[in-house]
Amino acid sequence: MDSPLPAMVEAARAGGAVALEHYRRGFSIALKPDQSPVTEADREAERAIVSVLRERCPDHGALGEELGESGPRDRRFIVDPIDGTRNFIRRIPTWAVLIGLEEGGEVTAGVVYQPATGVLHTAERGHGAWRDGEPIRVSPEDRLERALVVHSSVNFLRRSRYWDGFLHLADRTQVQRGFGDFSAYLWVAEGRGEIALSTTVKAWDVAALKILVEEAGGRLTDLEGRPGIYGSTVFASNGLLHEAALAAMRDHP
């Protein structure tokens, strides 16, 4: 079977072009039932992405943040047309198209494309992780006290049951940064940070990032240490610090 990556990259670029046009000219904003923002750019970009994927891979299904589920479940693309919508709305250029390929319940390929900068990350099971055609690798740091932690929005963390654990992890590590979304996990995959965590995530937030982190030599689970993509939290590391960091979050008063 031919690699799915060329089709995924083509789809990401098509959706990214649609989103970038809205980003430049303006758009309307609505709120979903969970109060997260959505724009017409999200919906139109996802339609463009799925259209390419259906044309190039007609025997695959799709699961998208905006358009929902269609086609086979055993081999499907998982799509987030704009990860970082709040950045998109505020004209912060850190947002991305995420596409993961799930086969038999495992993520086997992923694409992260940032239309505002043109940066492209790709990964395929057994073939490594790449940024613009150059291989990337996680950090070799094996001391928790020297680790950089990238986290999601503080108010999301504070409302979760992981707040005290996060504070304890912060006390045990060298430095913390709070930009979140997909970029946190790219930092881990590229060796710029050692640990990343988020709460309130969905499968489309995680799928493409999981394969990128793992193929770069790292590890990605939820905050309970479970390996799937269908939990509500996500925790990534360079692999060397995974268990120690999770233990630090559990070991608090």
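The values are calculated or read from the model by the stated rules, or taken from the named source; none is laboratory data. Model, not experiment: these values are computed from the prediction. Heads up, the Cβs are rebuilt from the backbone with ideal geometry, glycines too, and the neighbour counts pull from every protein chain shown. Surface accessibility is based on the protein's heavy atoms, side chains included, excluding ligands, DNA and RNA. Shrake-Rupley method; radii C 1.70, N 1.55, O 1.52, S 1.80 Å.
Reported count of residues in the range 200-214, each being open to solvent by 10 Å² or more (accessible area, probe 1.4 Å), at negative phi, in contact with a Ser or Thr (Cβ under 9 Å, 6 or more places away or on another chain) and not basic (K, R), is 2.
Does the range 160-183 include one or more residues that are modelled with pLDDT of 95 or more, farther than 30 Å from T39 by Cβ, assigned to a loop (DSSP other than H, G, I, E, B) and open to solvent by less than 60 Å² (accessible area, probe 1.4 Å)? Yes, the range 160-183 contains a residue that is modelled with pLDDT of 95 or more, farther than 30 Å from T39 by Cβ, assigned to a loop (DSSP other than H, G, I, E, B) and open to solvent by less than 60 Å² (accessible area, probe 1.4 Å).
Could you grab me the full set of residues in the range 233-243 that are open to solvent by 50 Å² or more (accessible area, probe 1.4 Å) and either at pLDDT below 95 or outside any loop (DSSP other than H, G, I, E, B) (or both)?
Listed by number, the list holds a single entry, E243.
The residue pairs whose first member lies in the range 4-26 and is over 13 Å from P81 (Cβ atoms), whose second member is surrounded by 23 or more Cβ atoms within 10 Å (Cβ to Cβ) and of a type in the set (S, T, N, Q), and whose beta carbons are closer than 6 Å, counting only pairs six or more residues apart or on different chains, are L5/T122. Restricted to the range 196-222, and to residues there that are in contact with a helix residue (DSSP H, G or I) (Cβ under 7 Å, 6 or more places away or on another chain) and in contact (Cβ under 8 Å) with a residue 60 or more places away in the chain, the residue that is farthest from I136 (Cα to Cα) is L209. Looking across the range 223-232, the residues that are in contact (Cβ under 8 Å) with a residue 24 or more places away in the chain and either among the aromatic types (F, W, Y) or open to solvent by 50 Å² or more (accessible area, probe 1.4 Å) (or both) come down to Y230, S232.
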